[in-house]
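Engineer: Mind having a look at this structure? Questions to follow.
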């Protein structure tokens, strides 16, 4: 097993909180993604399957079902743009086009320089402040062209 000992120690404490060991899989997937390069590799899924006494396909089924889990490498910055009705009505498509233009990444892909991954997101619950995007886990709302340029331009 290639999972770091520090994560395995966390998992030992984590599974004590659940009636069944396998119920800790989703939090374990989150921790692996946080600690292991921002995505969940096939090897990590195999290690988690071994730890939780599951088949690798069961771990893959969970990881691939939820859009918050990344199953391939992502850029240093991940920009998820909401495109549901409120955001769409207030200019989400234009924001998506602008983000792709500035970053050089297409929707669902990573820029050639590895700095940015751009994704479409389903509703993020910020409808009153649409359009919005999530940049590295931080919401940016009431977006317009100038705000988008400023936010992305300010990244190092």
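The values are calculated or read from the model by the stated rules, or taken from the named source; none is laboratory data. Here the structure is a predicted model, which means the values were calculated and not measured. Using ideal geometry, Cβ is built from the backbone for each residue, glycine included, and neighbour counts are taken over all protein chains shown.
Engineer: Of all residues in segment 1-24 being in contact with a helix residue (DSSP H, G or I) (Cβ under 8 Å, 6 or more places away or on another chain) and not in a helix (DSSP H, G or I), which is nearest to residue 63 (Cα to Cα)?
Structural biologist: Checked segment 1-24; the qualifying residue nearest to residue 63 (Cα to Cα) is 3.
Engineer: For segment 25-37, state whether one or more residues are closer than 30 Å to residue 129 by Cα, part of a helix (DSSP H, G or I) and assigned by TED's automatic domain parsing to the domain that holds residue 121.
Structural biologist: Within segment 25-37 (the criterion being closer than 30 Å to residue 129 by Cα, part of a helix (DSSP H, G or I) and assigned by TED's automatic domain parsing to the domain that holds residue 121), the answer is no, since none of the residues qualifies.
Engineer: Can we say residue 85 is surrounded by 14 or more Cβ atoms within 10 Å (Cβ to Cβ), without any contact (Cβ under 8 Å) to a residue 60 or more places away in the chain and more than 11 Å from the chain's Cα centre (by Cα)?
Structural biologist: no
Engineer: Another question, if that's okay. For segment 99-114, does any single residue satisfy the condition of being in contact (Cβ under 8 Å) with a residue 12 or more places away in the chain, at negative phi and loosely packed, with under 14 Cβ neighbours inside 10 Å?
Structural biologist: Checked segment 99-114: at least one residue is in contact (Cβ under 8 Å) with a residue 12 or more places away in the chain, at negative phi and loosely packed, with under 14 Cβ neighbours inside 10 Å.
Engineer: Could you run through segment 35-56 and say how many residues are more than 13 Å from residue 25 (Cβ to Cβ) and free of Cβ contacts under 8 Å to residues at least 40 places away in the same chain?
Structural biologist: The number of residues fulfilling the criteria is 7.
Engineer: Might you let me know whether segment 51-66 holds any residue that is surrounded by 13 or more Cβ atoms within 10 Å (Cβ to Cβ), in contact with a helix residue (DSSP H, G or I) (Cβ under 7 Å, 6 or more places away or on another chain), at pLDDT below 95 and more than 20 Å from residue 108 (Cβ to Cβ)?
Structural biologist: no
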